[in-house]
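Structure, as structure tokens:
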Amino acid sequence: RPVRAFGGAAMTWDYVTVDREGPVAVVRFDRKENLNAFNQHLVRELTEVASTFHDDLETHYVVLAGAPEAFSAGADLKDAASWKLAEKTDVQRRHRFYAGVRLCKMWEEMPQITIAAMERMAVGAGVAIALACDWRVLGRSAFLYVPEVKIGLNLQWGALPRLVTLVGPARAKRITLMCEKMDAATALAWGLVDEVAEDGKTVEVALAMARKTAEMPPATVRLMKEAINATAGALHRATAFADGDQSQLTGSFEAARTARERFAKR
């Protein structure tokens, strides 16, 4: 298990490592299975890792990278902790459905500039956490894919208002309702990603972006990030506060259960 020290305390994670070089940190998450899909254990670890940066006054840029073969294939439909909730109380069930919301909120509210470096594919939850970052770098042959509606779910994790803010309502509808795989060129043209890198070089490009911005006074950079987020996301919480409840509702529909089972067998 990788161990890193923060504030004198040792932190241990199964799927996540943190490497630092001056004011820049690279956070890598890799389950080494299921194309790096999110299970509840990974969600907890990435939430915990993000929390360690909130009082970090030395790190000013954080690059978030997934596995080389996939940034993430989305939510793990085979994860029992995610889907087998019959024995949970209503409060426990609701807490579970908001785990991804808490994760993305923790990353979005980090004072550091955050850059998602995405190789091969970013699907569903993988897109959601990338949207919570400040910038996104996508590999040239990689794709983005938001298939939630295809399996009877709404786009959750607070991602929908972030998506609408970036691409506008018509394109947000196309992305979520047509469930098309979006190539890197389209994602760049639509403003969903900020840079396209050669395959295998997304972290390198993200680091170059971080180092260029690191020439600026760090306190002012933090202030500007907070100001821009406050302006752009003023209504995000108001429009997405119940998306976990909506996910629990839509996921319980018979058509959704059937679609999810069929999708998981692929």
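The values are calculated or read from the model by the stated rules, or taken from the named source; none is laboratory data. Predicted model only: the values in this text are computed from it and were never measured. Counting neighbours? That spans all protein chains shown, and the Cβs are built from the backbone with ideal geometry, glycine included. Remember, those area values only see protein heavy atoms, side chains included, never the ligands or the DNA or RNA. Shrake-Rupley method; radii C 1.70, N 1.55, O 1.52, S 1.80 Å.
Across the range 87-106, what is the number of residues that are in contact (Cβ under 8 Å) with a residue 24 or more places away in the chain and within 27 Å of Phe53 (Cα to Cα)? Even if it seems obvious, please write down each step before you answer.
Filtering the range 87-106 for residues in contact (Cβ under 8 Å) with a residue 24 or more places away in the chain gives 93-94, 96-106.
Filter once more, keeping what is within 27 Å of Phe53 (Cα to Cα): 94, 96-106.
Counting residues in the range 87-106 that are in contact (Cβ under 8 Å) with a residue 24 or more places away in the chain and within 27 Å of Phe53 (Cα to Cα) gives 12.
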Q: Give the residue that is nearest to Arg96 (Cα to Cα), with candidates limited to residues of the range 145-187 that are surrounded by 17 or more Cβ atoms within 10 Å (Cβ to Cβ) and out of contact with any helix residue (DSSP H, G or I) (no Cβ under 9 Å at 6 or more places or on another chain).
A: Ala187
Q) What's the number of the condition Ser72 fails, among (1) of a type outside the set (Asp, Glu); (2) over 20 Å from Met11 (Cβ atoms); (3) open to solvent by 20 Å² or more (accessible area, probe 1.4 Å)? A) (3)
Q: Collect the residues in the range 155-178 that are assigned to a loop (DSSP other than H, G, I, E, B) and at negative phi, keeping them in residue-number order.
A: Leu155, Gln156, Met178
**Q.** Residues of the range 23-78 satisfying the condition of being within 30 Å of Glu215 (Cβ to Cβ) and without any contact (Cβ under 8 Å) to a residue 24 or more places away in the chain
**A.** Leu57
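Would it be correct to say that Ala159 is at pLDDT 95 or above and out of contact with any Phe, Trp or Tyr (no Cβ under 8 Å at 6 or more places or on another chain)? Full working, then the answer.
Working: at pLDDT 95 or above: yes; out of contact with any Phe, Trp or Tyr (no Cβ under 8 Å at 6 or more places or on another chain): yes.
Criteria met by Ala159.
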(Q) Within the range 191-209, take every residue that is open to solvent by less than 80 Å² (accessible area, probe 1.4 Å), out of contact with any Lys or Arg (no Cβ under 6 Å at 6 or more places or on another chain) and assigned to a loop (DSSP other than H, G, I, E, B) and give me the one that is farthest from Leu166 (Cα to Cα). (A) Gly200
